[in-house]
Each structure stands twice: as structure tokens, then as C-alpha cells.
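Taken together, the values in this text are just the output of simple stated rules run on the coordinates, not laboratory data. Keep in mind that this is a model prediction, so the values were computed, not measured. Cβ atoms come from the backbone with ideal geometry, glycine included; neighbour counts cover every protein chain shown.
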Amino acid sequence: MTSRSIAFAFSFCASLLWTGVAQAQTPYPVVRGKYYKFEKIADGVYYASPEFNGTAFPFGSNPFFGANLVVIVNPDDVVLVDSPTTPRAAHAILADIKRLTSKPVRTVVNTHWHYDHTDANSVFGPEVQIIAHDYVRQAIEKFDILNNEPFRSSTRNAPQAMIDRFTRQVAAEKDPSRKAALEKNLADTKVAAKEFAGDIKAIKPTPPNVTYSEKLVLHRGGREIQLLFLGRGHTGGDTVVFLPKERIVATGDLMESRLAYMGSAFFDEWIATLGALNRLDWAVTLPGHGVPFTSKGLVTAYQSYLRDVMAQVAKLRAQGVSADDAAKRVDLRSHAKDFPDIEAVGAEVRGIRRLYAWMDETGRK
Ligand SMILES: [Zn+2]
């Protein structure tokens, strides 16, 4: 692998992009837990991002914990949107949620089947409803998710990639105080990586115990929580969680504030599904990775990005270029103003391999 393709492989976890620089100021009030930062988006609605050494990852989430989650505190209970990557991470967020409320988590929504949104499902007892689209249950039962992508590359290798990066940074740093800070990061990362190796062994993929196909509405006191399947896209069964009164939508990885992993995608349907997302009356989106955003223009920009990937890759494929070579040659830098994680020519190889497979499946050219 080239260093660029490694960077793409881990941009799914954003681990290589983390430089220890504090994230931009959030406009929302913040409650800090031990492991998670909670941004209060509306009354009882919190956006939870795992932190590392008290600092968020600028374009994504902490590889040791997984996705950013949404905590919805209702009159009698808590609805949690997504479960993190490992049982230990789930215990961490459950402990941190106690800083917000003493009410129990009685409902978990998995926005899609990927490990960083489902792998802590086993922590929740039978009294907790774990709800997802029908496809998520089938995927967890059939896909052997711990031996396949995206888990295989993104999770198993991410901690060592962080260690390698910090080791290089320590060696290159001349300023003594910055060097000391980087050395602390490196030491902490090594400890976390060791713990994480044990955490991975504790994962027991657990499917949702309630599934739906198009729409499911939860009523909690005066709050309406809509679970909507708007069409295939990032995966075959992405749920968006829409709070119509608060005008908040949680999108999982169907729409992030950065580039999403494309390795399970249905490309043209994704563009259409993003159109349906923008037809909802939302004022703020809470994505599975990245940061909250308020602009429907970002969704439109992501549709343009997907169209461009599809067009460029179709051309390369027609010339007989392999998927892996196409991933090195596709040039998406014109989208960097909307998605600053695009730093060079090329695209994440698993996404381009999937695009080739999808073209084979659908007969697209
Ligand atoms: Zn994710």
C-alpha cells in the first residue's frame, strides 16, 4: 500500500488525520463525560463524540470507540442512536450518559450494519429494544462482519497506524514542549491499543431485535422520533432518525460532514436517497462521523462528489484500468472545498472496488 492509500484506508476512522489540534469551537453547549463530549443540540438531544486525550478527531471518530452517537433523553427513558465499536465503549457511554440523566437506555437504533454502529449491541439486555432496518438483521446474521470489510482493515489496523504516526511525529519534532506532548500521545495510544486488542475479542455481533422496512415512529412523551428508510445508499438499509418538531435528523453514515466509506454502497440510489434526505424539513444534521452541520448545500455537494466518482471511474473502467489503479488515478480535488479530507489525487480503494462490483451487478457503464 502507498502511504496515500493507507491514509485513505484509515480516514474511515480518521486516525491518521488526527494531529492533536483542538477542533473548531462548537456553537452548542457542551457537557463532558470521561470519554465522550456531549453537544446539546436541543432540549434532551445530545450529539456524543468520543474523545482521545480530551481532543476530538477533526474529521471523524476515535477508532477505539467508533461512531458519533445521538442521545435522546425523554420523559421516562433514553433512546440511543447507534452503539459503538466494542462492549467497553458501550459501558463508557452508558456511564457518561449518567452525567446527563438517570433515566435508562431502553431503545437503541442501529443506523446501519457496520461494526462502528452495531458491535456493542450485545451489551444491552433483552429489555432493551434494538431497532434497525430489516437489512441490518440480515447483514449481521450473514455477512461474517468481523472477518470482512470494513472491520478488517479499519479497526484491526487503525491503532498500529496511530502508533506509527505518533512515532514519526515524535522523531520529527524539535520543540521540547511539543515533543513531550507528542510523546505522551504516543504512550497513551500504546496503552489504548493494547486494551483495544482485548476489546475486539469481546465483540459478539448481535442483530437488532426489532426491525422495520419503511417507517417506524416512536412516541416518547411529547416527542416524536421517526425512523425512516429513504432508500438504499451508503448500505442496503440505512435509517435516518428524524425529530420533526426539533427539525433534527441523525443520518448515520448515509450523510457525514466528511467523505463516507463507500465499500457497501449502492451508488445511484445513494444520490436519490440524499435527495429524499434534503426534502425532509431539517435544520441540523447529526452525522455518524464528523460534526453537526446545518447546510443542505453540503448534501448537494456530496451528491456531486458521488456523481463525479461514478463518471470518472466509469471512464477508467472502460479503458481497462483495474479498480485498484482507478482508486489511485481518480481526481476528486475539486470537491476539497466541501470535503477538506480530500488532500490528494486518489480515492479510498475499497469504495472503488465496490463501485466496480456494483457496475458489474447493475450492468452500468
Ligand atoms: Zn461509521
For the range 75-125, listing trypsin sites (Lys or Arg not before Pro) in a DSSP loop whose Cβ sees at most 13 other Cβ atoms within 10 Å gives Lys98, Arg99
Treating only Lys and Arg (+1) and Asp and Glu (-1) as charged, each at its beta carbon, one finds that the chain has a dipole about its Cα centre, in Debye to the nearest 20, of 540
So, relative contact order of the range 186-233 in percent, Cα under 8 Å, 6 or more apart, is 22
Note: Ala180 to Ala272 extended length (0.36 nm per residue) minus current alpha-carbon separation gives 28.2 nm
Any residue on another chain or 5+ positions along whose placed amide H is under 5 Å from the amide H of Glu224 is listed here as Lys245
Final fewest-first order of Ile271, Ile93 on the 10 Å Cβ neighbour count is Ile271, Ile93
For Asp253, the residues 5 or more places away or on another chain with a placed amide H closer than 5 Å to its own amide H are Gly288
In nanometres, the difference between 0.36 nm per residue of separation and the alpha-carbon distance of Thr167 and Arg279 is 35.7 nm
From the cross-link list Lys40/Lys98; Lys40/Lys337; Lys179/Lys337, the entries with a Cα-Cα span beyond 23 Å are Lys40/Lys337; Lys179/Lys337
Checking rank on 169-181, 148-160, with mean other Cβ inside 10 Å and highest first, the result is 148-160, 169-181
Once phi for every residue in the range 257-267 is put through the Karplus expression 6.51 cos²θ - 1.76 cosθ + 1.60 (θ = phi - 60°), the whole-Hz ³J(HN,Hα) values, with Gly and Pro written as x, are 8, 9, 5, 9, 5, 10, x, 10, 7, 10, 5
Plugging the Cβ-Cβ distance of Ala311 and Asn147 into 1/(1 + (r/R0)^6) at R0 = 25 Å yields, to the nearest 0.05, a FRET efficiency of 0.15
Here the range 154-160 yields Karplus 3J(HN,Hα) values (6.51, -1.76, 1.60; θ = phi - 60°; whole Hz; Gly and Pro given as x) of 6, 8, 4, 9, 4, x, 5
Spelling it out for Leu259: with amide H atoms placed in the peptide plane at 1.01 Å from N, the residues 5 or more places away or on another chain with amide H under 5 Å from its amide H are Asp341
